[in-house]
Amino acid sequence: MDNNSYRHQFIEEYASDSFSEMSFRTLESMWKRIERAEKALGKRLEDGYTKEEYIHLFGKLNVATTQVLIVMKSKIMQYIRFLQQEGVVTDQCAADLKSINVSDLNVADCYDRRYFKDFASLQSAIDSTLVAAERVDDAIFGTAITALYLAWCGLSIEQAIEVKKADVQDDCIITAGKTIKPIPQIMDYIQEYRDAVGYQSLSKALINLKYVPSEWLLRTTRRGKLDVSNHLRILINQFGNSSEQSKNLFNYDKVYWSGIYMRAYSYECANGQIEANDISKIEQVFEETYPNTALANRRLYDYHLFRDHFYPPENA
């Protein structure tokens, strides 16, 4: 039996009759992620992994917290046990996987991929992408870049698509019940995008493309409003894919949480460390509501990993 047959057989046996269609799709999606990580490493699980190779695999899967490690390790261990029973891998392969804990993981690469350290690093990535894309008019990416700036400023993607042109004032944006004061670089860009009627594009000849007339800030030449978040995510993905170097570099949630965490770090620098179990303070700083202290502390712990990676203590 070849490697693909083992995996196909395992998934069929694991996905019992009680599995819903959604659960089965989730299972398939997880294994596709694992297969992409295996491909990047040039070795499949059926070939037998060492502890170090499992650690590299988790790195490719962006595993950086105890909670995610527990879940992912459990899923992979089920398959490794199956392969043991089939005589494909040794007991040592299972033992090596079982022995891994979060302290073994190299979270540096993961956090470099998951977050931007600060606004300067985000802007550098945007500028580099624009240079590599070599478009006749950078404004072709105006909607995507404006959305990334709104994400950095702390608007959820649902809030961003509800921003109206009239919400963009001289020095602030008033929307979703709050007043946002972006740095001048962001404010100037968003104001220019707000007032733009279109941009130039090069096909067989240079042409002028016009935005659909609209009261909404985020719009395109085809839509007066991006009424579902998927439309905006696609635009951001297209911006990233315009440069080979920036593929998978941008997504709304990554930029959103980078901005939130950067402001949390600035808050701690000015006011002292945010304490675990202080749910009201954690909700205030991270702009979320938590049903219990455990979930609030989980958010704080993830921020701590961000902070300690990008801003390690001087005496560490």
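The values are calculated or read from the model by the stated rules, or taken from the named source; none is laboratory data. It should be emphasised that the depicted structure is a prediction, and the values quoted were computed from it without experimental measurement. Using ideal geometry, Cβ is built from the backbone for each residue, glycine included, and neighbour counts are taken over all protein chains shown. These area figures cover heavy atoms from the full protein model, side chains too; ligands, DNA and RNA do not enter into them. Shrake-Rupley method; radii C 1.70, N 1.55, O 1.52, S 1.80 Å.
Within region 118-140, residues that are over 21 Å from Leu202 (Cα atoms) and part of a helix (DSSP H, G or I) reach partners that are open to solvent by 40 Å² or more (accessible area, probe 1.4 Å) and β-branched (Val, Ile, Thr) with beta carbons closer than 9 Å, at six or more positions or on different chains, in the pairs Phe119/Ile183.
Restricting attention to region 239-294, which residues are of a type in the set (Val, Ile, Thr) and under 30 Å from Ala132 (Cα atoms)? Answer for region 239-294, where residues must be of a type in the set (Val, Ile, Thr) and under 30 Å from Ala132 (Cα atoms): Val255, Ile260. Considering region 200-315, the qualifying helices (runs of 4 or more DSSP H), each wholly inside and each with 3 or more residues that are of a type in the set (S, T, N, Q) and either farther than 18 Å from Gln123 by Cα or touching a residue at least 60 places away in the same chain (Cβ under 8 Å) (or both), run over 229-241, 252-271.
Results for (1) at pLDDT below 90; (2) farther than 20 Å from Phe239 by Cα; (3) open to solvent by 10 Å² or more (accessible area, probe 1.4 Å), shown as yes or no for each residue.
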{"residue": "Tyr79", "(1), (2), (3)": "no, yes, no"}
{"residue": "Ile100", "(1), (2), (3)": "no, yes, no"}
{"residue": "Phe119", "(1), (2), (3)": "no, no, yes"}
{"residue": "Ala139", "(1), (2), (3)": "no, no, yes"}
{"residue": "Leu148", "(1), (2), (3)": "no, no, no"}
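The set of residues from region 181-223 being out of contact with any Ser or Thr (no Cβ under 8 Å at 6 or more places or on another chain), open to solvent by 20 Å² or more (accessible area, probe 1.4 Å), hydrophobic (A, V, I, L, M, F, W, C) and closer than 26 Å to Asn251 by Cβ comprises Ile183, Ala196, Trp216. The residue of region 255-278 that is most open to solvent (accessible area, probe 1.4 Å), among those that are more than 21 Å from Ala176 (Cβ to Cβ) and among the aliphatic types (A, V, I, L, M), is Ala270.
Somewhere in region 279-301, is a residue open to solvent by less than 30 Å² (accessible area, probe 1.4 Å) and of a type in the set (Asp, Glu)? Before the answer, list the steps.
Here is the first cut: in region 279-301, the residues open to solvent by less than 30 Å² (accessible area, probe 1.4 Å) are 282, 285-286, 290, 296, 300.
Checking which are of a type in the set (Asp, Glu) leaves us with none.
No, the conditions are met nowhere in region 279-301.
Which numbered condition in (1) part of a helix (DSSP H, G or I); (2) over 16 Å from the mean Cα position of the chain (by Cα); (3) surrounded by fewer than 19 Cβ atoms within 10 Å (Cβ to Cβ) is the only one that Asp109 fails? The failed condition is (2).
Scanning region 42-58 for residues that are farther than 22 Å from Gln85 by Cα and open to solvent by 60 Å² or more (accessible area, probe 1.4 Å) gives Gly42, Glu52, His56.
Hey, among Lys73, Lys43, which residue is among the basic types (Lys, Arg) and outside any helix (DSSP H, G or I)? The match here is Lys43. When region 224-254 is limited to residues that are in contact with a helix residue (DSSP H, G or I) (Cβ under 7 Å, 6 or more places away or on another chain) and among the basic types (Lys, Arg), the one that is least open to solvent (accessible area, probe 1.4 Å) turns out to be Lys254.
For region 22-39, filtering for residues that are surrounded by fewer than 13 Cβ atoms within 10 Å (Cβ to Cβ) and aliphatic (A, V, I, L, M) leaves 1. Among residues of region 59-77 being open to solvent by 50 Å² or more (accessible area, probe 1.4 Å) and of a type in the set (A, V, I, L, M), the one that is farthest from Asn248 (Cα to Cα) is Ile70.
Candidates are the residues of region 81-98 that are surrounded by 13 or more Cβ atoms within 10 Å (Cβ to Cβ), of a type in the set (A, V, I, L, M, F, W, C) and under 33 Å from the mean Cα position of the chain (by Cα); the one that is nearest to Phe10 (Cα to Cα) is Phe82.
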